[in-house]
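J.: Dropping a structure here in structure tokens format, bear with me for questions.
Bear in mind these aren't lab numbers, they're just calculated from the coordinates by the rules spelled out. Just so it is clear, the model here is predicted, and its values are computed rather than measured. Backbone-built Cβ (ideal geometry, glycine too); neighbour counts: all protein chains shown.
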Amino acid sequence: MKIISAFEIHDNLINTIGKDWMLVTAGNREKFNTMTVSWGGTGILWNKPVAFTFIRPQRYTFDFIENNQYFTMSAYGDEFRNALKLCGTKSGRDIDKAKETGLIPVFTEEAPYFEQARLVLVCRKMYAQDLNEQSIIDSSILNSYNGNDYHRMYVSEIVRVLVNE
Ligand SMILES: Cc1cc2nc3c(=O)[nH]c(=O)nc-3n(C[C@H](O)[C@H](O)[C@H](O)COP(=O)(O)O)c2cc1C
């Protein structure tokens, strides 16, 4: 894969995250997990290119993100739609997602991603905050929360971008 700067990303990341979906992956060679996300974004904060990621606390992946400084967000071609569906509907507590999907993990110093990815954002956590009821301005947001499972928002520096061209 080729390393590019975050400013050279060609993707419309609103489409990539919202429509194509991405995998969020954290952990190490001994133990890692991945899950599908379609909420989030990228931008600039504190003068750095950043990713915004929203993870509910009940996700198994949540523990891996909490316990590691880095995670990756990765995008795939259409042929992996079913793989991403599986990673977004099954828990790594119950199945080995890499084995079930055929996605091949690549381990780096920071966080794993999968060999088949077409775009990888390597993210270093900078800030985490739980969304909360008191901060809600538009009450329709409450429809997304039945229990007290407010997403934790992570703001992460995008420290490296890899593309498969
Ligand atoms: C298309 C799609 C998008 C999703 N986006 C998110 C998200 O942004 N945040 C989140 O917490 N869960 C999201 N999920 C749910 C998790 O991917 C799902 O609960 C997954 O099974 C968690 O796996 P884990 O328990 O192995 O971490 C999404 C699921 C799908 C199918």
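J.: How many angstrom lie between the Cα centre of segment 128-165 and the Cα centre of segment 15-55?
T.: Their Cα centres are 11 Å away from one another.
J.: If you take the alpha carbon radius of gyration of the chain and divide it by 2.2 N^0.38 Å, what ratio comes out, to two decimals? Provide the component values of the computation, followed by the final result.
T.: Numbers: Rg = 15.2 Å, N = 165, 2.2 N^0.38 = 15.3 Å.
This ratio for the chain stands at 1.00.
J.: Check each of the GluC sites (Glu not before Pro) in segment 49-114 and keep only those in coil by DSSP with at most 13 other C-beta atoms within 10 angstrom; list them in order.
T.: Here the sparse-neighbourhood loop sites are GLU109.
J.: Output needed for segment 60-145: three equivalent-ellipsoid semi-axes, defined as square roots of 5 times the C-alpha gyration tensor eigenvalues, in descending order, whole Å.
T.: Each semi-axis is the square root of five times an eigenvalue, giving 27, 18, 13 Å.
J.: Another question, if that's okay. Give the residue from GLY147, LEU13, LEU45 lying farthest towards the positive end of the charge dipole for the chain; charges sit on Cβ (+1 for Lys and Arg, -1 for Asp and Glu) and the dipole is referred to the Cα centre.
T.: GLY147
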